[in-house]
Amino acid sequence: LASLFLMTTGLFAQNKKLPNIKLKTIEGKTVNIAELSNNGNPIVISFWATWCKPCQAELDAIAELYPDWQDDLGVQLVAITIDTQRQLSKVPGILSTKGWEYNVYSDANNVLKNQLGFQAIPQTYVVDSEGNILYSHSGYSAGDEYDLEDKLKELADK
């Protein structure tokens with residue numbers, strides 16, 4: 001599994017960029033994912049769904065660390081739900097229950113998911129201000145958020 005992880009992470013080192021795809025915010029505003037910007041600081045993109053318990057566990061764990069990431073590293077997190085149009089009505093309720101302070105976008109038709117070519121969620125990426133994918137991680141186990149934090153600190157030191 002470790003060699004598979006290194007192999008998939010290695011693929012992204014070859015200047016893979018976020019594709020030019022428009023998504024909607026939960027409020028219905030259109031956003032081009034390739035134009036995400038965070039004043040030169042990293043952006044964490046986490047794909048999730050309302051029915052995905054590991055996704056929610058990951059976003060809950062990150063929520064504990066997120067204020068420090070914002071203050072210390074300038075990190076922004078974008079949570080992209082792959083819930084279908086019908087399931088999307090559940091998203092605002094989960095957001096208010098969980099209290100997540102993330103920007104949430106919808107990829108209900110899996111256009112971005114298919115372009116990025118991953119199968120399982122949660123799927124997490126770290127991108128730079130030019131939209132280059134610097135890091136990729138699939139799945140969630142307790143403690144993965146600390147590995148992600150280490151990666152963000154490493155990128156902040158560059």
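So, with +1 on the Cβ of K and R and -1 on the Cβ of D and E, and no other charges, what is the size of the charge dipole of the chain about its Cα centre, to the nearest 20 debye?
On the way: 13 positive and 20 negative charges, 180 e Å.
Rounded to the nearest 20 debye, it is 860 debye.
Take the Cβ-Cβ distance between ASN20 and THR84 as r, set R0 to 22 Å, and report the resulting FRET efficiency rounded to the nearest 0.05. All intermediate terms of the calculation are to be shown ahead of the outcome.
Details: r = 23 Å, r/R0 = 1.05.
With R0 = 22 Å, the Cβ-Cβ based efficiency is 0.40.
Give me the count of lysine pairs in segment 15-117 whose alpha carbons sit under 15 angstrom apart, restricted to pairs 8 or more positions apart or on different chains.
Numbers: LYS16/LYS113; LYS17/LYS113; LYS22/LYS113; LYS24/LYS113; LYS53/LYS90; LYS53/LYS98; LYS90/LYS98.
Eligible lysine pairs with Cα atoms under 15 Å apart amount to 7.
Quick one: among ILE133, ILE26, ILE80, which has the greatest mean-square fluctuation in a GNM of the chain with alpha-carbon springs under 10 angstrom?
So, out of ILE133, ILE26, ILE80, the one fluctuating most is ILE26.
Modelling each spin label as a point 7 Å along the Cα-to-Cβ direction, I'd like the ASN32/GLU101 distance in nm, to one decimal.
It works out to 3.0 nm between the two label points.
Using a 1.4 angstrom probe, figure out how much accessible area the chain has per residue, in square angstrom, rounded to the nearest whole. Don't skip to the answer; put the middle values down first.
On the way: 8290 Å² over 158 residues.
Per residue, the chain has an accessible area of 52 Å².
Among residues other than ASP107 whose Cβ falls under 11 Å from its Cβ, what is the net charge (Lys/Arg +1, Asp/Glu -1)? Please report the intermediate quantities before stating the final value.
Numbers: positive: LYS22, LYS24, LYS113; negative: ASP83.
Local net charge: +2.
Taking the simple approach of a point 7 Å from Cα along Cα-to-Cβ for both GLU64 and ALA108, what is their distance in nm?
For the pair GLU64/ALA108, the computed spacing is 3.4 nm.
State, as an integer percentage, the relative contact order of the chain based on alpha-carbon contacts under 8 Å between residues 6 or more apart.
Working: 255 pairs, mean separation 52.2, N = 158.
After rounding, I find 33 percent.
Counting only other residues whose beta carbon sits under 11 Å from that of THR81, what net charge do I get with K and R as +1, D and E as -1? Could you put the intermediate results ahead of the total?
Details: positive: LYS24, LYS90, LYS113; negative: ASP83, ASP107.
Net charge in that neighbourhood comes out at +1.
Could you work out what % of the accessible surface of segment 53-128 is carbon and sulfur, using a 1.4 angstrom probe and leaving DNA, RNA and ligands out of the count?
Working: 1530 of 3490 Å².
Roughly 44 percent, rounded to a whole number.
The values are calculated or read from the model by the stated rules, or taken from the named source; none is laboratory data. Fair warning: this is a prediction, and the values are worked out from it, not measured in the lab. A quick note on method: Cβ atoms are made from the backbone with ideal geometry, for glycine too, and the neighbour counts reach across all protein chains shown. These accessible areas exclude ligands, DNA and RNA; they are computed on the full protein's heavy atoms, side chains included. Shrake-Rupley method; radii C 1.70, N 1.55, O 1.52, S 1.80 Å.
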